[in-house]
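Taking it in order: structure first as structure tokens, then the write-up.
The values are calculated or read from the model by the stated rules, or taken from the named source; none is laboratory data. Since this is a predicted model, take the numbers as computed values, not measurements. Backbone-built Cβ (ideal geometry, glycine too); neighbour counts: all protein chains shown. These accessible areas exclude ligands, DNA and RNA; they are computed on the full protein's heavy atoms, side chains included. Shrake-Rupley method; radii C 1.70, N 1.55, O 1.52, S 1.80 Å.
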Amino acid sequence: DPNLKWYFTNQTFDFAMMANSGVRVPVGDSYCTLAMDWLHDENRQGRHGLKETAWDHIELDMREFKEAFKRKRGETIQEVLLREMKNNPESARSYASLDAHATFRVFKWLKHSLGKQQMTDGTPLWAYFQAVEMPFTRVLHNCCRRGIMIDVGYLDELSPKIQVDIDELQKELNKMAGVEVNPRSPLQLRSLFFDKLKLKPIKYTSGGASGNRQPSTDVNVLTRFAEDGIEAAQLVLDIRGLGKMKGTYVDGLRKWVDPDLRIHPTLTQHVAVTGRLSSVDPNLQNIPRPATDKFGIRTAFMPKEDHVLLVIDYEQLEMRLMAHYSEEQNMIDVINRGWDIHAGTASLMFGHKYEEIIAAGKKKKVAAKDPSIKLTRMEKQMCEDRQAAKSIGFGLNYGEGPKKLGKSLGKTTDEAKDLIQQYFMPYPAVREFIDSTHHYIKHHYMIETILGRPRRFPEMEYLGPLNRWKMRGSEKATLAQCERQSVNSVIQGS
């Protein structure tokens with residue numbers, strides 16, 4: 001009946017339970033209080049479930065499952081429910097019907113609240129919810145339910161092949177070190193790089209509670225060593241990369257495959273505060289890219305017979321959104337020329353010819369497979385400059401400051417500050433957009449995505465109109481964090 005309305009908490013889960021029980025998924029309008037409460041206030045993390053919203057919004061105290069039913073040793077939740085429904089049906093009915101009662105009351109409270117809250121153009125958030133979030137919940141259910149087919153035989157073939165490569169690389173590393181080296185042991189890596197190879201430390205650890213700072217061997221340091229031609233560093237990175245690929249993607253994906261050779265991830269719209277889509281169990285949003293994966297993990301995903309799998313990617317989307325919001329003409333020109341945005345930025349920042357940066361990047365890829373090919377000093381510099389442009393561009397989108405940028409580039413904080421200033425030289429409108437976003441949250445305590453979804457910063461309201469030089473250290477840290485998150489929320493949320 002399309003005229004029936006349905007009210008759920010965690011609709012995608014309930015839809016799955018209905019479908020698994022042989023009940024047809026409702027066709028009438030369906031509302032999810034989880035998605036509604038996330039839109040009502042994304043900062044109440046951990047408080048969006050039914051029991052939490054029932055207490056917070058309507059002061060209804062609901063019993064926990066373990067309070068309502070005694071669970072015998074070794075019993076599953078399903079066994080507890082079946083036993084209670086058989087032996088004490090009234091108790092089971094009471095517990096279940098309270099869930100339905102609470103869901104409907106929470107829905108009415110949230111509908112009223114979203115109706116009162118407005119976007120900056122005057123549109124009530126309830127209208128936004130109905131237009132965007134509500135139909136999207138059903139789309140996510142369909143995606144999860146259908147899942148995606150995976151070639152299990154291909155994964156089974158890959159696993160031992162990757163292990164062979166790992167073992168070979170490990171032998172090379174051990175031979176080079178003269179002892180067996182655990183590539184995940186900071187102590188053993190420090191002994192290898194700083195005692196045996198006598199390399200100069202790039203940075204130091206924080207020292208933790210003891211305050212005993214040690215030369216760092218994190219991924220940024222290892223990457224820097226590898227770029228400088230230190231073979232042992234490249235071996236460690238390769239072993240780690242292959243280990244993650246095998247554990248997380250090859251063997252890891254295998255355990256999620258159902259009898260129909262399909263994986264059904266949980267896709268949610270109520271995990272990331274910016275409103276972006278999230279994937280868990282398993283996370284299919286971070287499968288290695290073909291350019292960095294010689295084993296081709298992505299080719300394991302396939303269409304069923306007589307179907308086509310279409311792969312669509314919006315190239316360098318964050319940078320395009322930055323160009324849109326800042327209206328920076330130089331950045332728009334780089335994009336409209338069809339240039340690689342990072343190479344184009346490096347060309348504007350450092351004065352290299354765009355074509356030469358691209359050629360250096362291609363040569364670097366070939367040299368990685370053929371040690372006889374060597375890059376000139378200028379070619380190495382152009383590759384470094386493109387990486388710097390890329391790190392700064394994404395860093396600004398993600399709200400990174402000069403300290404974090406310096407760590408990722410292996411530079412000092414002052415050097416990173418200079419690079420950021422250099423980035424803004426051809427892109428002054430990007431700086432204006434960032435500054436204006438920081439200014440906006442100080443007065444409005446929120447920003448909006450391209451569709452008008454709010455991302456709120458209640459901390460800014462708490463800080464009030466304090467001048468920066470009158471703030472305490474903790475207040476300055478809070479302000480800096482909100483400023484970083486504001487720009488990221490506009491770009492990532494959109």
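See the values below:
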item	result
Which listed residue is part of a loop (DSSP other than H, G, I, E, B) and within 22 Å of Ser159 (Cβ to Cβ), from Asp251, Asp260, Asp238	Asp260
Positions within region 239-260 being in contact with an Asp or Glu (Cβ under 8 Å, 6 or more places away or on another chain) and open to solvent by 60 Å² or more (accessible area, probe 1.4 Å), in sequence order	Arg254, Trp256
Gly122 vs. criteria at positive phi and open to solvent by less than 60 Å² (accessible area, probe 1.4 Å)	yes
Pairs with Cβ under 7 Å, 6+ apart, first in region 83-104 and open to solvent by less than 40 Å² (accessible area, probe 1.4 Å), second among the hydroxyl-bearing types (Ser, Thr, Tyr)	Glu84/Ser91; Thr103/Tyr7; Thr103/Thr9; Thr103/Thr33
Restricting region 281-325 to residues that are in contact with a Leu (Cβ under 9 Å, 6 or more places away or on another chain) and without any contact (Cβ under 8 Å) to a residue 12 or more places away in the chain, the residue that is least open to solvent (accessible area, probe 1.4 Å)	Gly296
Answer from Arg472, Arg453, Arg431 - the residue that is of a type in the set (D, E, K, R), open to solvent by 70 Å² or more (accessible area, probe 1.4 Å) and touching a Phe, Trp or Tyr at 6+ places or on another chain (Cβ under 9 Å)	Arg431
Count of residues meeting criterion [touching a residue at least 60 places away in the same chain (Cβ under 8 Å) and open to solvent by 20 Å² or more (accessible area, probe 1.4 Å)] in region 167-183	3
Matching entry among Leu419, Leu396, Leu405, Leu451 (being over 30 Å from Thr123 (Cβ atoms), aliphatic (A, V, I, L, M) and in contact (Cβ under 8 Å) with a residue 24 or more places away in the chain)	Leu419
Criterion violated by Gln45 - all others in (1) open to solvent by 70 Å² or more (accessible area, probe 1.4 Å); (2) outside any loop (DSSP other than H, G, I, E, B); (3) closer than 28 Å to Glu461 by Cα satisfied	(2)
Top-ranked residue in region 4-21 [being free of Cβ contacts under 8 Å to residues at least 12 places away in the same chain and open to solvent by less than 70 Å² (accessible area, probe 1.4 Å); ranked as farthest from Trp109 (Cα to Cα)]	Met18
Selection within region 371-396 - under 14 Å from Ile358 (Cα atoms) and not acidic (Asp, Glu)	Leu375, Met378, Lys380, Gln381, Met382, Cys383, Arg386, Gln387, Ala389, Lys390
One residue from Ile297, Ile287 being touching a Lys or Arg at 6+ places or on another chain (Cβ under 6 Å), among the aliphatic types (A, V, I, L, M) and within 30 Å of Gln170 (Cβ to Cβ)	Ile287
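So that you can scan it fast, the table gives a plain yes or no per residue for (1) among the acidic types (Asp, Glu); (2) at positive phi; (3) in contact with a Leu (Cβ under 9 Å, 6 or more places away or on another chain):
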site: Val430; (1), (2), (3): no, no, yes
site: Ile447; (1), (2), (3): no, no, no
site: Glu461; (1), (2), (3): yes, no, no
site: Glu475; (1), (2), (3): yes, no, yes
site: Ser486; (1), (2), (3): no, no, no
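Conditions (1) farther than 24 Å from Glu448 by Cβ; (2) in contact with a Gly (Cβ under 7 Å, 6 or more places away or on another chain); (3) not aliphatic (A, V, I, L, M), marked per residue:
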site: Glu90; (1), (2), (3): yes, no, yes
site: Ser94; (1), (2), (3): yes, no, yes
site: Phe104; (1), (2), (3): yes, no, yes
site: Lys111; (1), (2), (3): no, no, yes
site: Thr120; (1), (2), (3): no, no, yes
site: Ala127; (1), (2), (3): no, no, no
site: Ala131; (1), (2), (3): no, no, no
